[in-house]
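Novice: One structure, as structure tokens, below. Some questions next.
Where a number appears in this text, it was derived from the coordinates with a stated rule and is not lab data. Worth saying up front: this structure is predicted, and the values here are computed from it rather than measured. Don't worry about glycine lacking a Cβ; one is built from the backbone with ideal geometry, like all the others, and counts go over all protein chains shown.
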Ligand SMILES: NC(=O)c1ccc[n+]([C@@H]2O[C@H](COP(=O)([O-])OP(=O)(O)OC[C@H]3O[C@@H](n4cnc5c(N)ncnc54)[C@H](O)[C@@H]3O)[C@@H](O)[C@H]2O)c1
């Protein structure tokens, strides 16, 4: 358990960042750094009196350096998270995700910060050639977003090697849970489906629905971050459940929970969509003691208000 630390969470008003804040604010001094690009102040409202909020962009090197003074540990979640936007505007994506990350690392170096835990992504693997995907799987980013995440992993390793900062890259698979936005067609599929089911609207599936994903609950992801910070280790770890589920089976599970059939429209596959994805989580289990605790059914029940 982390206690009595000065902690900064970039992107702390976002979906995953706000869960890291929630898991830590009672025992630590937490600063949220977020320019509210996709994050919402409401996400940190319940803890607003107990955390410090800095409306700062990670692209502003000076402001970041000063916001991170006195910090022991950084959880770096702030990023452009929209892959289509990274294709339309790769400069914007690189400015936020690559330069923003360099700014965070430089601020860590100048402020003698011991640990940076970075939100990396399973998107660095591209279309997997071996399933389940191990950390040693070849990397083949298929978007500027994924290329940027890969570059940032190298910066994390370099800042460990050059300056001794502990850096951990957590390659998240498909994260889902409360506070995930559902307002874009590229949002997490679980947040879109659960909102549509609650409103009685039809679900749109791209392709035949047999594509699979590894859905990991955001509360488990927050725990993986804490374990990474506590470990004193540096390195790269997959964060998933090791369980693969197709979209068709996901929908079936949701139907069982709400007790009725969903209306489904199957439409064309989206270009670039990956067919199968599932993490091998042996490394994070063995080295960090990570164990996903929330089953998909339990997580879906919470989202669908059927606990
Ligand atoms: N959700 C997933 O399944 C998933 C999978 C792999 C990796 N990730 C990574 O996890 C991290 C968190 O993603 P999320 O799903 O919570 O999305 P999110 O959009 O809710 O969180 C990103 C946060 O970063 C903030 N941000 C954006 N630009 C910023 C800037 N210039 N300065 C400061 N803050 C800025 C946003 O306002 C937002 O609060 C991201 O780095 C993302 O790439 C997420």
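Novice: Between residue 282 and residue 134, 0.36 nm times their residue separation minus their Cα-Cα distance comes to what? Spell out each step's value before the answer.
Specialist: Details: separation 148, 0.36 × 148 = 53.28 nm, distance 0.83 nm.
Additional length available on full extension: 52.4 nm.
Novice: Can you give the convex hull volume per residue for the Cα atoms of segment 1-139, as a whole number of Å³?
Specialist: Values: hull volume 17.8 nm³, N = 139.
So the per-residue Cα hull volume is 128 Å³.
Novice: Using the Cα atoms of the chain to build a convex hull, what is its mean projected area in square nanometres?
Specialist: 14.7 nm²
Novice: What share of Cα pairs, in percent, lie more than 15 angstrom apart in segment 168-260?
Specialist: The share of Cα pairs beyond 15 Å in segment 168-260 comes to 65 percent.
Novice: Please express the Cα-Cα pair-distance distribution P(r) of segment 94-217 as a list of whole percents, one per 10 Å bin, running from 0 to the bin with the greatest distance.
Specialist: With a bin width of 10 Å, the distribution comes to 11, 33, 32, 18, 6, 0.
Novice: How would you order 141-151, 56-66 from highest to lowest mean count of nearby Cβ atoms within 10 Å? All intermediate terms of the calculation are to be shown ahead of the outcome.
Specialist: Details: 141-151: 20.9, 56-66: 17.8.
Taking the mean over residues of other Cβ atoms within 10 Å, the ranking is 141-151, 56-66.
Novice: With the cut-off at 16 Å, report for segment 33-104 the share of all Cα pairs above it, as a whole percent.
Specialist: When all Cα pairs of segment 33-104 are counted, 53 percent exceed 16 Å.
Novice: Continuing with the same structure: Cα-Cα pairs above 11 Å in segment 254-299: how many percent?
Specialist: Working: 834 of 1035 pairs.
Cα-Cα pairs of segment 254-299 separated by over 11 Å account for 81 percent.
Novice: Moving on. Given R₀ = 25 Å, FRET efficiency for residue 201-residue 252 by Cβ-Cβ distance, to 0.05?
Specialist: My answer for the efficiency is 0.90.
Novice: Which Rg and Dmax, in Å, describe the Cα atoms of segment 141-189?
Specialist: For segment 141-189, the Cα-based Rg and Dmax read 14.6, 41 Å.
Novice: How far apart, in nm, are the 7 Å Cα→Cβ label points at residue 158 and residue 49?
Specialist: Simple spin-label model gives 4.5 nm for this pair.
Novice: Please arrange 114, 231, 18 by how many other C-beta atoms lie within 10 Å of their C-beta, fewest to most. Mind dumping the intermediate values first?
Specialist: On the way: 114 15, 231 19, 18 28.
Listed from fewest to most nearby Cβ atoms, that is 114, 231, 18.
Novice: Given bins 5 angstrom wide, list per bin the percent of all Cα-Cα distances in segment 222-307, short to long.
Specialist: 3, 11, 17, 17, 15, 16, 11, 7, 3, 1
Novice: Moving to a separate point now. When the helices in the chain are scored as -39500 (n - 2.57) per DSSP H run of 4 or longer and the sum is shared across all residues, what 222 nm value do you end up with, to the nearest 500 deg cm²/dmol?
Specialist: After summing the helix terms and dividing by residue count, I get -10500 deg cm²/dmol.
Novice: Over the chain, what is the percentage of antiparallel beta bridges among all DSSP beta bridges, to the nearest 5?
Specialist: Antiparallel bridges make up about 5 percent of those DSSP assigns within the chain.
Novice: To continue, here is another question. State the extension gain, in nm to one decimal, for the chain segment bounded by residue 298 and residue 114, taking 0.36 nm per residue of separation less the distance between their alpha-carbons.
Specialist: 62.7 nm
Novice: Starting from the 7 Å offset along Cα-to-Cβ, what nm value, one decimal, do you get for the label separation of residue 264 and residue 91?
Specialist: With each label point 7 Å from Cα toward Cβ, the separation is 4.4 nm.
Novice: Express in whole angstrom the spacing between the alpha-carbon centres of segment 60-123 and segment 198-221.
Specialist: 28 Å
Novice: Mean 1/r over all different Cα pairs, inverted: what Kirkwood radius does segment 115-178 give, in Å?
Specialist: This gives a value of 12.5 Å.
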